[in-house]
Amino acid sequence: MSSSKGPGAGPGAGGAVGALGQATLGAAPAAPKRPVRRGGKPPPDRPQRALFCLKLNNPIRKVCIDTVEWKPFEYLILLTIFANCVALAVYTPYPNSDSNTTNLYLEKIENIFLVIFTAECIMKIIAYGFVAHSGAYLRNGWNLLDFTIVVIGMLSTALSNLMKEGFDVKALRAFRVLRPLRLVSGVPSLQVVLNSILRAMVPLLHIALLVLFVIIIYAIIGLELFSGKMHKTCFNNITGEMMDSPHPCGEGGFQCPPPKVCALYWEGPNYGITNFDNFGLSMLTVFQCITLEGWTDVLYAIQDAMGNSWQWIYFISMVILGAFFVMNLILGVLSGEFSKEREKAKARGDFHKLREKQQIEEDLRGYLDWITQAEDIEPEDGEDESRQHAQDGKSRFPHHSFLSGWRRRSSTSRPWGGGGSQGLHQGQYQDKNENNSADQLDGEEEVLQESWFKKKKRDFDRVNRRIRRACRKAVKSQAFYWLIILLVFLNTGVLATEHYKQPEWLDYFQEVTNLFFVALFTMEMLLKMYSLGFQGYFVSLFNRFDCFVVIGSIAELILTNTKVMPPLGVSVLRCVRLLRVFKVTK
């Protein structure tokens with residue numbers, strides 16, 4: 001019954017399936033394809049209409065979108081901006097509207113640059129819209145800067161051509177210097193730097209107020225302590241002439257040599273600007289000291305006028321608090337804002353990559369679904385044919401399973417040998433057993449000897465592991481670390497005792513202590529190599545540095561004692577000793 005149905009149903013079913021498969025395959029290409037996107041940044045959110053009339057499927061808008069998002073187009077714009085900067089740098093202005101041949105050619109090239117920038121601006125407006133919606137061209141600050149530069153360039157060119165006389169366009173042409181700023185809009189790293197500076201303005205204002213408070217406090221203190229102290233200098237007692245290089249003098253400070261006397265009136269250092277006579281000049285002097293611009297000259301002038309007993313406290317505290325702490329807060333704020341902007345830029349880049357990956361995966365899933373729907377119909381016909389071939393094979397060779405089973409049974413039930421040859425086999429087995437017993441005895445002796453060596457090796461390895469473990473624990477301990485630091489400081493102290501025309505006993509002491517420290521640092525290096533192993537030792541950069549210093553110190557000892565180098569070379573090689581100081585940085 002089933003055999004009669006199979007052949008009868010096969011062609012009908014196959015015809016139906018084939019017709020359905022052809023219909024599916026014929027309809028599959030008609031399915032809407034997803035647009036294949038190029039690599040790069042994902043497109044921004046575009047409005048359905050641009051300039052109230054251009055839809056997304058408009059061919060002109062499509063061309064503009066593909067052009068402005070094409071990577072070589074961006075590189076072309078950046079190259080044009082760079083060439084424009086070079087042209088602005090080469091341009092040589094002359095008085096009275098004079099010019100030369102180079103400037104005339106540059107003016108013509110300027111028109112080409114203006115056409116390129118204007119075309120870019122128009123294409124971006126068509127692609128993204130002008131200003132009426134989010135994501136429009138003028139909603140971006142960098143695009144607003146580009147648009148302003150283009151409009152000013154067009155106005156200056158138009159006015160210079162239409163009104164050749166009676167109108168000066170130099171003021172408008174001065175805005176050409178803004179064109180190098182367009183590089184910022186094309187280079188993301190420059191955008192990060194400029195954005196960090198702009199966002200740091202509010203924190204920098206707070207720091208500026210703090211700097212102002214510090215300046216006011218020290219200006220008032222200086223006004224109370226040093227007001228009117230820097231107007232005395234040395235005058236000739238007979239002629240009344242001022243000394244050639246005047247500087248302040250006073251009772252506890254600089255004493256004028258006779259016949260000169262310390263008297264009034266002198267305007268003061270820097271033509272009377274550097275003093276503490278009033279609040280304004282006092283603030284200016286404090287600001288000069290905080291910027292570290294000639295603050296020592298102000299300190300020496302005060303000491304010449306009043307002595308050097310306590311005045312240094314005022315200036316040292318002002319420099320430490322104002323210059324080292326408060327002023328460096330500006331760098332801290334800029335660094336923090338730059339880090340934030342860089343993290344934001346990195347997050348935006350990761351988000352763009354994620355969007356691009358999701359878009360590619362979505363396109364791939366769409367294509368796979370489309371292909372799978374077309375292929376799901378085909379395997380049914382193939383499975384029926386393979387099943388039919390398998391049944392035909394079984395019915396065609398019915399004795400195959402019987403023969404294979406008989407062979408398995410015969411192979412397992414086969415006897416070992418005949419009864420007549422049993423004695424011969426037993427004799428051969430006895431000879432083999434005797435030979436095997438002799439070989440076994442020799443093997444046992446070798447095994448015993450080998451096991452003795454293995455036992456000794458195991459004992460040695462066990463002791464070695466214990467010693468290495470103890471050494472590793474020692475070199476990693478805090479006591480060992482501080483011992484090495486103490487040795488480094490002692491070695492530094494010995495090196496600091498060297499001076500010109502030192503006595504012979506000091507030379508001998510330095511040589512002995514140098515040999516002692518080299519031996520100690522060599523033992524430290526070998527102990528670390530033994531406990532950590534060569535690979536574990538040289539993994540650390542500090543250990544590599546220590547090894548270099550130790551090898552250099554040993555080479556210096558050998559070359560010094562053998563006298564194979566000139567004295568200058570030995571002096572240079574002795575500088576390796578100073579590298580031991582850097583062991584403290586570990």
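The values are calculated or read from the model by the stated rules, or taken from the named source; none is laboratory data. From a predicted model like this one, the values you see are computed outputs, not experimental measurements. As a convention, Cβ positions derive from the backbone with ideal geometry for all residues, glycine included, and neighbour counts pool all protein chains shown.
Test GLY349 against the stated conditions and say whether it is small (Gly, Ala, Ser) and free of Cβ contacts under 8 Å to residues at least 40 places away in the same chain. Against the criterion (small (Gly, Ala, Ser) and free of Cβ contacts under 8 Å to residues at least 40 places away in the same chain), GLY349 qualifies.
Kindly evaluate THR513 against the criterion of being among the hydroxyl-bearing types (Ser, Thr, Tyr), modelled with pLDDT of 90 or more and under 29 Å from TRP482 (Cβ atoms). Break it down stepwise before answering.
Details: among the hydroxyl-bearing types (Ser, Thr, Tyr): yes; modelled with pLDDT of 90 or more: yes; under 29 Å from TRP482 (Cβ atoms): yes.
When the stated conditions are applied, THR513 passes them.
Restricting region 461-483 to residues that are of a type in the set (Val, Ile, Thr) and loosely packed, with under 15 Cβ neighbours inside 10 Å, the residue that is nearest to LEU579 (Cα to Cα) is ILE467. Restricted to region 232-345, the set of helices (runs of 4 or more DSSP H) holding at least 2 residues that are within 30 Å of LEU194 (Cβ to Cβ) and outside the structural domain of HIS206 (by TED's automatic domain parsing) is empty. Within the set ASN84, ASN111, ASN96, the sole residue that is modelled with pLDDT under 85, outside any loop (DSSP other than H, G, I, E, B) and of a type outside the set (Phe, Trp, Tyr) turns out to be ASN96. Annotation note: of GLU74, GLU69, the sole residue that is touching a Pro at 6+ places or on another chain (Cβ under 9 Å) and either of a type in the set (D, E, K, R) or not assigned by TED's automatic domain parsing to the domain that holds ALA132 (or both) is GLU69.
For residues in region 188-232 being among the small types (Gly, Ala, Ser), surrounded by 19 or more Cβ atoms within 10 Å (Cβ to Cβ) and more than 30 Å from PRO269 (Cα to Cα), which is farthest from the chain's Cα centre (by Cα)? Here the answer is ALA200. Give LEU490, LEU486 a once-over and let me know the one that is surrounded by 13 or more Cβ atoms within 10 Å (Cβ to Cβ) and outside any loop (DSSP other than H, G, I, E, B). After ruling out the rest, the residue left standing is LEU490.
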